[in-house]
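Since the structure comes first, as structure tokens, the remarks are kept for the end.
The values are calculated or read from the model by the stated rules, or taken from the named source; none is laboratory data. Bear in mind the structure is a predicted one, so any value in this text is a computation, not a measurement. Note that we place each Cβ from the backbone using ideal geometry, even for glycine, and neighbour counts take in every protein chain shown.
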Amino acid sequence: MEPTCEDLLTAESEADPVERSWSLSRLCGFYQRFCSEVNSTSQACIKAMAGHCHLKLQECITCGRTIPPVINSTGPKGRIVGGSVTSPGSWPWLVNIRLNGELMCGGVLIGDAWVLTAAHCFNGYEIHSPFFFCIQIELLDH
């Protein structure tokens, strides 16, 4: 069974580094399923397990939390230059990225779980992980 956020956060907050490492490695053993049976103890498998576990831990730490406001030097300009009216659903791969409910930037869906956007959209933010933001996809009228 995949480790819960509660279990991962409890293990991560363990004061003793040896106990923390043991607890996390025990919980992260779940992700061994992403390795082939032949190489289940290889260095590559261990790295893959650690990567999956780290992603889950980052999700537990960041998703759903309010991020303190930061001045974004690329804030909305208030108008679209050279645009034209279009019908709903004409550009289903385009998304807007919001931070704390406010428009931050645009992006493009490039897969089931990936949004591509410009790097300048994140100017002014201290991001220690590329998985810091949670994106919610919704179908809108326009």
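If you go through segment 72-99, how many residues are at pLDDT below 65 and under 24 Å from the mean Cα position of the chain (by Cα)?
Just the residues of segment 72-99 that are at pLDDT below 65, to begin with: 72-80.
Okay, now just the ones that are also under 24 Å from the mean Cα position of the chain (by Cα), so 72-76.
So the answer is 5.
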Residue match in segment 53-60 (condition: exposed (fewer than 13 other Cβ atoms within 10 Å of the Cβ) and not assigned by TED's automatic domain parsing to the domain that holds Ala113): no
Conditions (1) at pLDDT below 80; (2) outside any loop (DSSP other than H, G, I, E, B): number failed by Ser23: (1)
